[in-house]
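Have a look at this one.
The values are calculated or read from the model by the stated rules, or taken from the named source; none is laboratory data. On a predicted model such as this, the values are computed, not experimentally measured, just so you know. No Cβ is skipped: glycine too gets one built from the backbone with ideal geometry, and neighbour counts run over all protein chains shown.
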Amino acid sequence: MNDSPHRPDVASALRFLTELVAWVATPWALAGHSVVLAVGSVVVLVGLPTVFATPGDKNHVTVPVPGVVTIALVVLQLVAAALSAWWAWPRAVAVAVTVLALVTVLTELPRWRRLVRTGRDGRPALDPA
């Protein structure tokens, strides 16, 4: 099992694939309502995880945040991918994207457990007990 946060594995590949789907499906779903919202969705979905990251989980961190923030940003991507696919694409594709998002959650759980235990500086958080 690959415990290093800097080495690609199945979870990383699935997460990246789901992010790509979110980056395409979300503006696609929003473009009919507002081009500004469509562009804004890409800025949010690509920009936030680029700027905010948990040290130790990513090689280069611009703004360090606790692990729970990184988890929330991944969840945002997963939800955006799944919901946008239902609005933008045929049912069969939306089902496939939803399954992809759910499988991604399962593969992300070990990383998320590790991230929950990290503080803002990327070190393991102290137990309050």
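Results for (1) within 17 Å of A11 (Cα to Cα); (2) among the hydrophobic types (A, V, I, L, M, F, W, C); (3) out of contact with any Lys or Arg (no Cβ under 6 Å at 6 or more places or on another chain), shown as yes or no for each residue.
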residue: S34; (1), (2), (3): no, no, yes
residue: D57; (1), (2), (3): yes, no, yes
residue: P66; (1), (2), (3): no, no, no
residue: L73; (1), (2), (3): yes, yes, yes
residue: A81; (1), (2), (3): yes, yes, yes
residue: S84; (1), (2), (3): no, no, yes
residue: P90; (1), (2), (3): no, no, yes
residue: V95; (1), (2), (3): no, yes, yes
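If R117 meets every condition in (1) surrounded by 16 or more Cβ atoms within 10 Å (Cβ to Cβ); (2) closer than 20 Å to A11 by Cβ; (3) modelled with pLDDT under 95 apart from one, which number is that one?
It fails just one condition, (1).
Return the residue satisfying two criteria in turn: it lies in the range 23-72 and is in contact with an Asp or Glu (Cβ under 9 Å, 6 or more places away or on another chain) and under 26 Å from A85 (Cβ atoms), and of such residues it is surrounded by the fewest Cβ atoms within 10 Å (Cβ to Cβ).
Once the filter is applied, the top-ranked residue is V46.
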